[in-house]
1. For the range 100-220, report the % of Cα-Cα distances exceeding 26 Å.
2. How do Thr57, Thr92, Thr156, Thr109 stack up against each other in accessible area, from largest to smallest, with a 1.4 angstrom probe?
3. For a quick check of understanding: with a 1.4 angstrom probe and all protein chains in place, what accessible area in square angstrom does Thr23 have, to the nearest ten?
4. In whole Hz and in residue order, list the ³J(HN,Hα) couplings for the range 181-193 that follow from phi through the Karplus curve 6.51 cos²θ - 1.76 cosθ + 1.60, θ = phi - 60°; x for Gly and Pro.
5. Counting only heavy atoms of the protein chains, get the accessible area per residue of the chain (1.4 Å probe) and round it to a whole Å² value.
6. Below 13 angstrom from the Cβ of Val93, what's the summed charge of the other residues (Lys, Arg +1; Asp, Glu -1)?
7. Which ³J(HN,Hα) values, rounded to whole Hz and listed in residue order, are derived for the range 148-155 from phi using the Karplus coefficients 6.51, -1.76 and 1.60 in 6.51 cos²θ - 1.76 cosθ + 1.60 with θ = phi - 60°, glycine and proline given as x?
8. For the range 1-104, what is the relative contact order in percent, using Cα pairs closer than 8 Å and at least 6 residues apart in sequence?
Amino acid sequence: MLQVTDLHTFYGTSQALFGMSMTVGAGEVVTLLGRNGMGKTTTVRSIMGLTPPRSGTVMFEGAVITGLPSFKVAQAGLGLVPEGRQIFGNLTVRENLIATARPGPWDLTAVHAMFPRLRERGGNMGNQLSGGEQQMLAIGRALMTNPRLLILDEATEGLAPLIRQEIWHCLSGLKAAGQSILLIDKNIEPMLRLADRHYLIEKGRVVWSGTSPELEALPELRQRYLGV
Ligand code: ATP
């Protein structure tokens, strides 16, 4: 479904990706793992057209989408829950949800069923929400675009344990429904449970990839590259 090949991405003259390659298959949940600053967010930004790669290709469902503007990438079927949520603080919750909506099974009713809180807070401004509510809104907003691949960058960061659990529960529901997901997070245990495959990134390239059971069997790898 998603095929990323040999990406080299720069911020000005500073290179962040050095031949990053990875794939996500239909219905798969795949993670990008690695310590801070190793290039996980940059990989997502390269895929989404936010920081286009200098070389390499991004293919989605057979079409080359490398370097397309991000609204085109979204139209192609990729939905991003960005690091830091980036919801519209000056729009209401409902307006945030419908701002980028596209036709499909995920509409207001479906998102409200998944996050009843968002219905209750529908008339509140985005900047009046708690961190957990903002994160639900960011996920709901991405789902409203009816993405065939959902990408989440640090979706549980800075959240209280209970809300974190709720997000993981929601993601496993999405997986059970067949949603393809690319995930970045610092919490390795829930990712081991949820994900099919993992890519370990160091200095802008993949240094290991494998399944959850394979990663679980390699504590020294986790220690070395993740510090857990
Ligand atoms: P984190 O968990 O901290 O977000 P990450 O693995 O997502 O880490 P990236 O954010 O992709 O890492 O960063 C990769 C490299 O690119 C780092 O060296 C970082 O300092 C650099 N970098 C990231 N964003 C920028 C930017 N806007 N301008 C310049 N350099 C950047």
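1. Beyond 26 Å sits 26 percent of the P(r) for the range 100-220.
2. Numbers: Thr57 55, Thr92 25, Thr156 0, Thr109 100 Å².
Correct descending sequence by accessible area is Thr109, Thr57, Thr92, Thr156.
3. Near enough 50 Å² of accessible area.
4. 9, 10, 10, 10, 7, 9, 8, 6, 4, x, 6, 4, 6
5. On the way: 10070 Å² over 228 residues.
Heavy-atom accessible area per residue stands at 44 Å².
6. On the way: positive: Arg85, Arg94, Arg117, Arg119, Arg121, Arg141; negative: Glu95, Glu120, Glu133.
Surrounding charge for Val93 is +3.
7. Each residue of the range 148-155 in turn: 7, 10, 9, 10, 10, 9, 6, 6 Hz.
8. Details: 138 pairs, mean separation 26.2, N = 104.
Relative contact order here is 25 percent.
The values are calculated or read from the model by the stated rules, or taken from the named source; none is laboratory data. Since the structure is predicted, the reported quantities are computational estimates derived from the model, not experimental observations. All Cβ positions, glycine included, derive from the backbone under ideal geometry; neighbour counts span all protein chains shown. Just the protein is used for accessible areas: all its heavy atoms, side chains included, with ligands, DNA and RNA removed. Shrake-Rupley method; radii C 1.70, N 1.55, O 1.52, S 1.80 Å.
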